[in-house]
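**Student:** This is the structure I have questions about; it appears just below.
A short reminder: the numbers here are calculations on the coordinates, not readings from a lab. Here the structure is a predicted model, which means the values were calculated and not measured.
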Amino acid sequence: MTLNASTTALDSLWAGLPVLAVAGDRFPSRISQTMLRAVGLPEMICPDINSYIARAVEIASDDAKQHALKAKLKENLKTEPLFNVARFTENLEQVYLRLIKQAK
């Protein structure tokens, strides 16, 4: 059983839907954790299944928390690295330029 995702989590975040993840050492959990940190929602990473369930119930039971999480994600999509294509492109270009200089 897995409580983490990769493409599905990415698509959900891009659509403005916060996701929960359980911390772990398996590939899907590492991806989920990385995405949540890169979009500024580290509080959505739960240390274990019990805290995951408690957090899910807490959020599902509180409309204000749901709206606050969605609002935070919406704002973070503009500034955090996960979906900041311009910053990613600029950083990648800098890496390529350094590689070209090293190759000379």
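**Student:** Please compute the length gained on full extension between Val95 and Asp11, using 0.36 nm multiplied by the number of residues separating them and subtracting their Cα-Cα distance.
**Tutor:** Additional length available on full extension: 27.5 nm.
**Student:** Where does the chain land on Rg(C-alpha)/(2.2 N^0.38 Å)?
**Tutor:** In units of the 2.2 N^0.38 Å rule of thumb, it is 1.28.
**Student:** Now, a different point. What residues have an amide H closer than 5 Å to that of Cys46, excluding those fewer than 5 places away on the same chain, when H is modeled at 1.01 Å from N in the peptide plane?
**Tutor:** Answer set, sorted by chain and number: Ala21, Val22, Ala23.
**Student:** Now a separate question. Let me have the relative contact order for the chain, percent, based on Cα pairs under 8 Å that are six or more residues apart.
**Tutor:** Computed over the chain, the figure is 25 percent.
**Student:** Can you give the calculated 222 nm mean residue ellipticity of the chain, where each DSSP H run of n ≥ 4 adds -39,500 (n - 2.57) and the sum is split over every residue, rounded to the nearest 500 deg cm²/dmol?
**Tutor:** Helices in the chain give a 222 nm mean residue ellipticity of -21000 deg cm²/dmol.
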